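The values are calculated or read from the model by the stated rules, or taken from the named source; none is laboratory data. Note that this is a predicted model, so its numbers are computed, not measured. Glycine also receives a Cβ, built like all others from the backbone with ideal geometry; neighbour counts cover every protein chain displayed.
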Amino acid sequence: MDDIAVLGKKGYSLRNTLGEGSYSKVKCAYCDRLKCKVAVKIINKMKTPADFWERFLPREIEALRCLQHPSIIKTYEIFETSAGKVYIVMELGENGDLLDYIKITGAMREDFARMKFQQLASAIKHCHDSNFAHRDLKCENILLDGGLNIKLTDFGFSKLLSRDENGKMILSNTFCGSAAYAAPEVLQGIPCDPRISDIWSLGIILYIMVYALMPFDDSNIRKMIFFQKQHRIPFPSTQHLTVECKDLINHLLQPNVSQRLCTDEVLKHAWLQTPNSTVESPLSAPEEGECSHNPREGKPKQKHKAKSTDLIACFTKNSNRRHRTSAEVNK
Ligand SMILES: Nc1ncnc2c1ncn2[C@@H]1O[C@H](COP(=O)(O)OP(=O)(O)O)[C@@H](O)[C@H]1O
Ligand SMILES: [Mg+2]
């Protein structure tokens, strides 16, 4: 039976493809029961390596079952067919993922970034408080719903933290995720609490939100680790950023794990305590002379004119090679 028939029997009519990962396809479908569109992640056993099927997929399913939070994607149903396919039916991220969004709209205004980052940080706090580390935090794994609210997804590399017989946390030294978002200790294979390494990735994501740039050049990993460990974070003058925002980035991209913030400290940071002015999203609030634009329709509007459009064009989905850094841009 093909996907259309399998899903049809369950009351879903299959629509367009939303995204493709290494071992899965994500499609949109209409759910007769819920009377709304949903997303279905389809994983085919024949096309996945054994360790993915035996180790990583069960962890993803466990995390999705355990983690319930307004900023974590909701799972409606998970089922497996005898033909070796798993279907994960979840809430639809109507505005796609954060990478696509930033590619279209450019760097976020700080007020808007603060609201989105607050949602993301509280989703991660929920994971960490529930003893899960995500281990693959990146813009492609952060979805936006119809109201541009953050919905964290893709728990394929997540890990439920375990303790030894003395109650001591068992540290992780497995490299997961994308090098561009990975903390120096992960890249060096140093055993650590993976929740602390999630915080580094959170720093990379915040940097991308406010600059539409990657902070480090990952075309040479050894060089990148050198810059990461120097704690040399480029803050391009092309974009004005408040001292508080830069301070938070500095504390998230802290190479010393014992000094890196935990989620509680992140949420209490001065930047997140700053009251927002009335903010509307760049997509829903066109500036004078601009036309508003939905990222899923038509041509993107240009928010920061030529220069940042150049930078934004450097983002490449699922590729770590072609991210250009602000350091290069400043040269
Ligand atoms: N619920 C969803 N709503 C909309 N798009 C989605 C949804 N889930 C995934 N996608 C899209 O599909 C891509 C791949 O999904 P993901 O779960 O990250 O799979 P993988 O584990 O293969 O990376 C995402 O980066 C996103 O663009
Ligand atoms: Mg993914």
Q) Within the range 240-293, which residues are surrounded by fewer than 17 Cβ atoms within 10 Å (Cβ to Cβ), part of a helix (DSSP H, G or I) and modelled with pLDDT of 95 or more? A) 243, 244, 246, 247, 250, 264, 265, 267, 268, 270
Q | Unmet criterion (only one of (1) closer than 24 Å to residue 100 by Cβ; (2) out of contact with any helix residue (DSSP H, G or I) (no Cβ under 9 Å at 6 or more places or on another chain); (3) in contact (Cβ under 8 Å) with a residue 60 or more places away in the chain) for residue 147 | A | (3)
Q. How about the range 81-123: which of its residues are more than 16 Å from ligand 1 (Cβ to nearest atom), closer than 30 Å to residue 11 by Cα and either modelled with pLDDT of 95 or more or among the hydroxyl-bearing types (Ser, Thr, Tyr) (or both)?
A. 81, 82
Q: Could you please find all residues in the range 1-22 being without any contact (Cβ under 8 Å) to a residue 60 or more places away in the chain, surrounded by 12 or more Cβ atoms within 10 Å (Cβ to Cβ) and within 16 Å of ligand 2 (Cβ to nearest atom)?
A: 20
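To keep it simple, each residue is scored yes or no on (1) more than 16 Å from ligand 2 (Cβ to nearest atom); (2) in a helix (DSSP H, G or I); (3) out of contact with any helix residue (DSSP H, G or I) (no Cβ under 7 Å at 6 or more places or on another chain).
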residue	(1), (2), (3)
107	yes, no, no
113	yes, yes, no
118	yes, yes, no
128	yes, yes, no
143	no, no, yes
165	yes, no, yes
Q: Sort out for me the strands (runs of 3 or more DSSP E) sitting completely within the range 1-46 that have 3 or more residues that are touching a helix residue (DSSP H, G or I) at 6+ places or on another chain (Cβ under 7 Å) and among the aliphatic types (A, V, I, L, M).
A: 36-44
Q: Sort through 60, 110 and tell me the only one that's in the same structural domain as residue 139 (by TED's automatic domain parsing) and within 22 Å of the chain's Cα centre (by Cα).
A: 110
Q) Is it true that residue 39 is within 16 Å of ligand 2 (Cβ to nearest atom), within 30 Å of residue 272 (Cβ to Cβ) and outside the structural domain of residue 235 (by TED's automatic domain parsing)? A) yes
Q.
Condition first: of a type outside the set (S, T, N, Q), without any contact (Cβ under 8 Å) to a residue 40 or more places away in the chain and surrounded by fewer than 19 Cβ atoms within 10 Å (Cβ to Cβ). Now tell me which residues in the range 27-51 satisfy that.
A. 30, 32, 33, 35, 46, 47, 49, 50, 51
**Q.** Scan of the range 209-239 for residues that are in a helix (DSSP H, G or I), within 22 Å of residue 124 (Cβ to Cβ) and either touching a Pro at 6+ places or on another chain (Cβ under 8 Å) or outside the structural domain of residue 102 (by TED's automatic domain parsing) (or both), ordered by number
**A.** 211, 228
